[in-house]
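The values are calculated or read from the model by the stated rules, or taken from the named source; none is laboratory data. Remember, it's a predicted structure, so these values are computed and weren't measured experimentally. All Cβ positions, glycine included, derive from the backbone under ideal geometry; neighbour counts span all protein chains shown.
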Amino acid sequence: MASSWLFCAISAASGETLSHWVQLGPDREIVVRAISASPKCPLLQVEGRSVAMQKRATPSAQFPGHVCEHRAQETLGQVSVDTKVLPTLSPTVERIAVIGDTGCRIRGNRAQACNDPSAWPLTKIAEEVASRSPDLIIHVGDYLYRSSECPDAEKCGGSPFGDTFQAWSADWLTPAEQLFQAAPFLFLRGNHENCGRGDKGWFRYFADGPVPSDCPAVSQPWITSVDGLDLIVFDSSAGPAPHSSPDLLPEYSQMARDLFARTNGEGWLLTHRPLWANMRAFGELINGDDTQRAAFGGAMPQAVTLILSGHIHAFQAIDLSDGPVQSIVGNSGTQLDPMPTGVARDIEIAGHLADLVVNNGEFGFLMLTKGTDNTWLMEAIGDTGQVQIRCQLAESRLTCI
């Protein structure tokens, strides 16, 4: 199989469109994006008629392709780019796949074996996700992990690095190609896409709104609705790991008040850094992001039943006695954090009681399947397709088998 970082040359040889996908934007907006090797945007067909795509970004030294987009409200019907049919959002959303923290870590002397599909299984995970025919795929952030030159030729020799098209292609665009063909996406910004790290590629390709002239530390939150479910998107990328900065508390608090005032009915909060976590690693107890907890605590309505996050490189689900279920899906490719697999009960987390904490420390993703009684089946699935954990979400309560 050709190396991921040859994607640019391979794609350019086979056509002018290097990559294309469909993503959700605020207020039920549907966005089609494409990366083109040509100054001319590719031909977009919507229900048999030609529609002009708008230029989003022009080439730079690190990003040679043009980025084009088309924005529309609600469903687009059948859509194709250069005669290739793209998935659009179904009016009935019953299967949602969640992935996160997907790139291959290369930083200083630390190198994941990017050339070994068992050590970096993103392509296998993508195959498993696509095989389940999701209606929507949510990426909870952290795409770009190749931050420095590969120190070990056997593990990652020749890998690109830094905030460039080649590195974004190796870490995300190429392995995600089958996912782009399977379902529309909702993308979150992770701390690997914060200013001075992977922000240029993030804002160029996947962020909502126009490409900014200067990198904002925090993007404006937004809400979209799919089949009656509010998806509340919050940017918690700023600040040092594992916490966001306490300096952001006033800004977060105002955003939270404005955001939750606009929710209607059941909602899920999507934020890269988990509000709640239960993990002992790197010499400390990690209990989540206290800045978000302080900002959201008094503003979050009971209609928010689930928080979806990444950031910690494992799977965890936490059933709080006095709040929504927190699910962490940060195990979809990058080097895993030490998380023992198992179930714990009656755990205190940052002064709150968790009735149930379910952990899995292996690679995988989360599949959410809607039941007939408005419940959701939550399945943590491994990179070879095995179900690792099976739970049911009913309102804001979790029951696991």
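Which of the numbered conditions does R49 fail, given that it passes all the others? Conditions: (1) basic (K, R); (2) loosely packed, with under 14 Cβ neighbours inside 10 Å; (3) closer than 16 Å to R204 by Cβ.
In the conditions (1) basic (K, R); (2) loosely packed, with under 14 Cβ neighbours inside 10 Å; (3) closer than 16 Å to R204 by Cβ, R49 misses (3) alone.
Can you pull out the residues in the stretch 155-169 that are under 14 Å from P64 (Cβ atoms) and in a helix (DSSP H, G or I)?
Passing the criteria: F165, Q166, A167, W168, S169.
Please go through the stretch 326-351 and pick out each residue that is of a type outside the set (D, E), out of contact with any Ser or Thr (no Cβ under 6 Å at 6 or more places or on another chain) and surrounded by 17 or more Cβ atoms within 10 Å (Cβ to Cβ).
Of the residues in the stretch 326-351, the ones of a type outside the set (D, E) are 326-336, 338-345, 347, 349-351.
The next check asks that each one be out of contact with any Ser or Thr (no Cβ under 6 Å at 6 or more places or on another chain); those that pass are 326-327, 329-331, 334-336, 338-345, 347, 349-351.
Within the stretch 326-351, Q326, S327, V329, G330, N331, T334, Q335, L336, M339, I349 meet the criteria.
Among the residues of the stretch 327-348, how many are within 21 Å of the chain's Cα centre (by Cα) and either more than 16 Å from L285 (Cβ to Cβ) or outside the structural domain of S396 (by TED's automatic domain parsing) (or both)?
9
Consider S118 carefully, then state whether it is in the same structural domain as A182 (by TED's automatic domain parsing), under 22 Å from the mean Cα position of the chain (by Cα) and part of a loop (DSSP other than H, G, I, E, B). Steps first, answer last, please.
Numbers: in the same structural domain as A182 (by TED's automatic domain parsing): yes; under 22 Å from the mean Cα position of the chain (by Cα): yes; part of a loop (DSSP other than H, G, I, E, B): yes.
So S118 fits the description; yes.
Looking only at the stretch 146-166, decide whether some residue is crowded, with 21+ Cβ neighbours inside 10 Å and either among the basic types (K, R) or within 20 Å of L86 (Cβ to Cβ) (or both).
yes
Residues of the stretch 204-216 being over 13 Å from the mean Cα position of the chain (by Cα) and surrounded by fewer than 23 Cβ atoms within 10 Å (Cβ to Cβ), which ones?
R204, D208, G209, P210, V211, P212, S213, D214, C215, P216 - these are the residues of the stretch 204-216 that are over 13 Å from the mean Cα position of the chain (by Cα) and surrounded by fewer than 23 Cβ atoms within 10 Å (Cβ to Cβ).
Would you mind telling me which numbered condition in (1) more than 22 Å from the chain's Cα centre (by Cα); (2) within 23 Å of H139 (Cβ to Cβ); (3) not assigned by TED's automatic domain parsing to the domain that holds L308 S50 fails?
Unmet for S50, out of (1) more than 22 Å from the chain's Cα centre (by Cα); (2) within 23 Å of H139 (Cβ to Cβ); (3) not assigned by TED's automatic domain parsing to the domain that holds L308: (2).
Can you say whether P175 is in the same structural domain as V218 (by TED's automatic domain parsing), over 17 Å from the mean Cα position of the chain (by Cα) and assigned to a loop (DSSP other than H, G, I, E, B), as far as the supplied structure shows? Lay out the reasoning, then the answer.
Details: in the same structural domain as V218 (by TED's automatic domain parsing): yes; over 17 Å from the mean Cα position of the chain (by Cα): no; assigned to a loop (DSSP other than H, G, I, E, B): yes.
Here the answer is no, as P175 does not meet what is asked.
Which of the residues that make up the stretch 188-205 are assigned to a helix (DSSP H, G or I), out of contact with any Phe, Trp or Tyr (no Cβ under 8 Å at 6 or more places or on another chain) and over 21 Å from P64 (Cα atoms)? Spell out the reasoning first.
First, the residues of the stretch 188-205 that are assigned to a helix (DSSP H, G or I): 191-193, 199-205.
Now drop any that are not out of contact with any Phe, Trp or Tyr (no Cβ under 8 Å at 6 or more places or on another chain), which leaves 191, 199, 203.
N191 - this is the single residue of the stretch 188-205 that is assigned to a helix (DSSP H, G or I), out of contact with any Phe, Trp or Tyr (no Cβ under 8 Å at 6 or more places or on another chain) and over 21 Å from P64 (Cα atoms).
Output the number of residues of the stretch 354-394 satisfying the condition of being part of a strand (DSSP E or B), aromatic (F, W, Y) and within 13 Å of V329 (Cβ to Cβ). Give the derivation first.
Just the residues of the stretch 354-394 that are part of a strand (DSSP E or B), to begin with: 354-360, 364-370, 376-382, 387-394.
Restricting the remaining residues to those that are aromatic (F, W, Y) gives 365, 376.
Narrowing further to those that are within 13 Å of V329 (Cβ to Cβ): 365.
Result for the stretch 354-394: 1.
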